[in-house]
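Following: one structure in structure tokens, then a few remarks.
Read-outs throughout are calculated quantities, based only on the coordinates presented, and are distinct from any laboratory measurement. Since the structure is predicted, the reported quantities are computational estimates derived from the model, not experimental observations. All Cβ positions, even for glycine, are placed from backbone atoms using ideal geometry, and neighbour counts span all protein chains on display.
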Amino acid sequence: MPELAAKPLKRAWTTAEPLVSVSDLKVWFPVSSGVMQRTTGHVHAVDGVDLEIKAGETVGLVGESGCGKSTLGRAVIRLLEPTGGTVSFKGEEITHIRGEHLRALRRDMAMIFQDPYASLDPRQTVGDIIGEPIDVHRLAKGKQRQERIRELLRVVGMNPRYADRYPHEFSGGQRQRIGIARALAVEPTFIICDEPISALDVSIQAQIINLLEALQAKFKLTYLFIAHDLSVVKHISNRVAVMYLGKIMEVAPGRQLYQRPRHPYTGSLLSAIPIPDPTIELQRERMILQGDVASPVNPPSGCRFRTRCPRAREHCAEEVPPLESYGAEHKAACFYPLD
Amino acid sequence: MTQPLLEVQDLHTVFATRDGTVKAVDGVSFELLAGETLGVVGESGCGKSVTALSIMRLQRPGRIVSGRVLLKGQDLTRMSEYEMREVRGREIAMIFQDPMTSLNPVYRVGWQVAEPTRLHHGWDKKRAMQSAINMLGKVGIPAPESRARDYPHQFSGGMRQRVMIAMGLTTTPEVLIADEPTTALDVTIQAQILELLRHVNREFGTATILITHNLGVVAGMCKRVVVMYAGRIVEAGPTKDVFAHPKHPYTWSLLRSIPRLDAEQHEPLKPIEGMPPNLVDLPSGCSFHPRCAFKVERCARDVPALLQVGESQRAACWVTQAGTELQGA
């Protein structure tokens with residue numbers, strides 16, 4: 001593994017290039033068994049993913065539990081070491097950077113987590129939670145630090161006086177606001193939102209979605225928005241990537257994906273999502289998938305979706321379908337795509 | 001009109017907590033007709049699950065302080081625990097949100113599915129097991145004979161929920177209460193389980209109370225819906241009408257706040273401001289009034305009753321009861 005010291009960007013990066021570029025990324029986790037705990041296989045959590053994220057856009061990443069979407073997100077911001085492939089940020093490869101260089105990168109990226117009850121330290125005050133990244137990166141001290149914390153609370157729509165309180169005094173929605181304030185503390189350009197609204201009540205979800213959109217406009221943020229709820233992802237994203245068993249099956253702008261899905265998995269995922277309108281629900285054709293997701297330890301040969309795919313033929317077991325273009329921003333990995 | 005199968009009348013269930021008494025269910029009334037699927041929607045803490053548990057008399061440590069639950073005219077709240085045990089499982093079955101924790105990990109699945117018929121019908125092992133295997137097949141478990149010998153941990157989440165449904169159905173109950181049956185599941189598995197519940201409803205004619213926070217699930221499954229907020233029913237009526245012309249501001253704003261998959265254009269969502277109230281310290285008058293865009297002076301003072309508004313719906317709202325249409329930007 002190459003050891004890289006801290007150094008400035010190799011070359012100037014312009015916003016015309018992708019902010020984040022992921023190429024053939026793999027993240028495998030060893031599976032051990034027996035008394036000796038020998039490695040007997042690997043969970044292919046992320047298994048050859050290509051993805052580009054442009055500055056200022058929101059890319060949605062959807063898929064069912066265990067499809068590798070969170071692992072992909074964590075590998076992109078280097079919370080996990082990739083097994084293979086590369087991740088570039090602002091034109092520079094960051095796959096294996098370390099030390100000061102990695103620390104500098106951490107000022108540019110942040111993460112918002114799913115569970116606002118588990119991701120905030122219950123023994124820290126809200127001010128200390130938000131202040132921690134400020135301290136780690138030595139961004140402000142003393143009075144300035146306090147002022148910055150108050151400002152961050154205001155930015156996420158909370159009373160600055162709450163800095164002295166503890167997380168348990170707040171509801172789920174407010175805790176998620178605190179989590180967002182903490183993410184903003186380092187003034188990042190890129191934020192990974194990992195299921196940020198899944199744990200919240202329905203009437204609170206829209207508040208947080210609108211807040212994320214407002215913050216994006218205000219601070220020119222780029223989001224990778226990970227969620228299992230395609231309606232939410234389609235709403236907030238410019239483009240949506242659909243993941244299944246460690247691979248991206250389809251990428252397209254949200255509306256295009258909804259109106260004309262090419263991959264059979266996308267099609268069935270869309271038809272599985274209930275629409276809150278009884279008239280539409282009555283008329284909808286349902287494409288109900290049989291069976292469960294296959295094991296990521298021993299994924300099916302060829303196309304990973306073939307074991308549940310209503311259109312699968314022999315060829316699908318023999319070869320892995322590549323992501324092919326269907327128009328400007330639409331790609332799908334299927335030998336027998338939907339019309 | 002036919003007599004309803006199940007009638008809940010002015011049910012009050014309270015919990016004593018350190019901070020005071022929580023009125024989890026505060027005067028809830030609705031009826032379930034034979035063979036129908038009734039939706040009960042609301043957010044966490046609205047009392048929808050406690051209502052279901054109270055019907056089953058499983059509300060402990062909560063206490064039913066008043067009200068009646070009539071199953072074919074018989075008041076369940078007055079039954080002895082012994083009589084109630086006959087009702088549970090035999091006449092009303094319940095399936096829960098989390099199939100991971102509601103199956104016993106140390107017993108084989110077939111045995112667990114067979115237990116209700118052994119208990120309630122007094123069937124012998126062989127007959128009960130045969131019917132359990134049969135039922136496992138009917139709920140879509142492949143190779144039911146060999147799967148019946150497996151333990152719960154050998155099943156996936158969706159398959160466990162199927163086992164729960166099979167267990168509930170072995171005694172062919174007349175009422176099935178499904179409390180968030182798909183919340184813990186992935187969407188494609190959710191679609192499978194909802195399809196199974198539709199099938200069960202058609203094939204066995206089981207009347208179902210479907211409790212969920214997901215308005216989309218209600219839209220696709222239920223002809224009638226009850227909307228709950230802070231322990232009370234705020235709106236009830238045919239799903240079609242409630243979704244098309246909500247008569248309570250809570251329903252109205254909730255429907256507008258959720259992103260829709262079939263939205264043509266990106267429009268900012270219109271959230272409901274504030275948050276659900278603390279049940280220990282409910283707002284005066286209508287519990288929704290602090291968050292309501294339509295509130296009038298009276299809303300903070302008096303609690304509105306659930307009354308007929310429009311042709312087919314009932315709503316607990318002073319504003320719509322006075323004839324005002326809910327509309328706005």
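Key figures for this structure:
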item: Given charges at Cβ of Lys, Arg, Asp, Glu: the stretch A:194-339 dipole, positive-most of A:Ile208, A:Tyr336, A:Cys303; result: A:Tyr336
item: For the protein assembly as shown, share of DSSP beta bridges that run antiparallel, in % to the nearest 5; result: 60 percent
item: Cα-based Rg / Dmax (Å) for the stretch B:1-64; result: 12.9, 46
item: Among A:Arg38, A:Arg161, A:Arg255, residue whose mean-square fluctuation peaks in a GNM of chain A (springs only between Cα atoms under 10 Å); result: A:Arg38
item: Viscosity 1.567 mPa s, 4 °C: Kirkwood-radius Stokes-Einstein D of the stretch B:21-176 over Cα pairs, µm²/s; result: 77 µm²/s
item: Among B:Ala148, B:Ala315, B:Ala244, residue whose mean-square fluctuation peaks in a GNM of chain B (springs only between Cα atoms under 10 Å); result: B:Ala244
item: Chain A: angle of helix A:202-219 to the longest principal axis, Cα-based, in degrees nearest 10; result: 70 degrees
item: Range of Cα positions in the stretch B:224-329 per principal axis (Å), largest first; result: 41, 31, 22
item: Between the stretch B:1-72 and the stretch A:267-324, the Cα center-to-center distance that results, in Å; result: 39 Å
item: Descending Cα extents along the principal axes, the stretch A:128-215, whole Å; result: 39, 29, 18
item: For residues of A:233-245, the mean tally of beta carbons on other chains within 10 Å; result: 2
item: Backbone N under 18 Å from the A:Gln290 label point (7 Å along Cα→Cβ), restricted to the stretch A:316-339; result: A:316-317
item: Principal axes of the protein assembly as shown: Cα extent on each, largest first, Å; result: 80, 64, 51
item: Kirkwood-based shape ratio for the stretch A:73-200, expressed as Rg/Rh from alpha carbons; result: 0.99
item: Quotient of Cα Rg and 2.2 N^0.38 Å for the stretch A:184-304, N being how many residues it contains; result: 1.21
item: Chain A: radius of gyration and largest Cα-Cα distance (Dmax), Å; result: 21.1, 68
item: Taking N as its residue count, the alpha carbon Rg of chain B over 2.2 N^0.38 Å; result: 1.04
item: Pairwise centroid distance, computed over Cα atoms, of the stretch B:149-227 with the stretch A:46-124, Å; result: 36 Å
item: Inter-probe distance in nm under a simple model that places probes 7 Å from Cα toward Cβ, at A:Ser23 and A:Lys220; result: 2.6 nm
item: Inter-chain Cβ neighbour average for residues A:264-277, partner chain, 10 Å; result: 6
item: Charge dipole (debye, nearest 20) of the stretch B:94-213; +1 at Cβ of Lys and Arg, -1 at Cβ of Asp and Glu; result: 460 debye
item: Farthest toward positive dipole pole in chain B [+1 Lys/Arg, -1 Asp/Glu at C-beta], among B:Thr188, B:Thr239, B:Val217; result: B:Thr188
item: Filter on B:Lys270/B:Lys295; B:Lys138/B:Lys240; B:Lys48/B:Lys295 - keep pairs with C-alpha separation over 22 Å; result: B:Lys138/B:Lys240; B:Lys48/B:Lys295
item: Radius of gyration, Dmax [the stretch A:270-339; alpha carbons; angstrom]; result: 15.0, 42
item: Ranking of A:Tyr258, A:Tyr244, A:Tyr223, B:Tyr151 by count of other Cβ atoms within 10 Å, fewest first; result: B:Tyr151, A:Tyr258, A:Tyr223, A:Tyr244
item: Cβ neighbours within 10 Å from other chains - mean over B:270-276; result: 6
item: Shape category assigned to the stretch A:82-150 from the gyration tensor of Cα positions, a/c cut at 1.5; result: oblate
item: About the Cα centre, charge dipole magnitude for the stretch B:6-222 (Lys/Arg +1, Asp/Glu -1 at Cβ), debye; result: 680 debye
item: Base-10 log of normalised Debye intensity for the stretch B:169-252 (one unit scatterer per alpha-carbon) at q = 0.16, 0.22, 0.24 Å⁻¹; result: -0.68, -1.13, -1.24
item: Radius ratio Rg over Rh of the stretch A:26-87, counting only Cα atoms, Kirkwood formula for Rh; result: 1.07
item: Most mobile of B:Pro99, B:Pro271, B:Pro144 in a GNM of chain B (Cα contacts under 10 Å); result: B:Pro271
item: Positive-pole candidate from A:Gly291, A:Cys193, A:Met109, dipole of chain A, charges at beta carbon; result: A:Met109
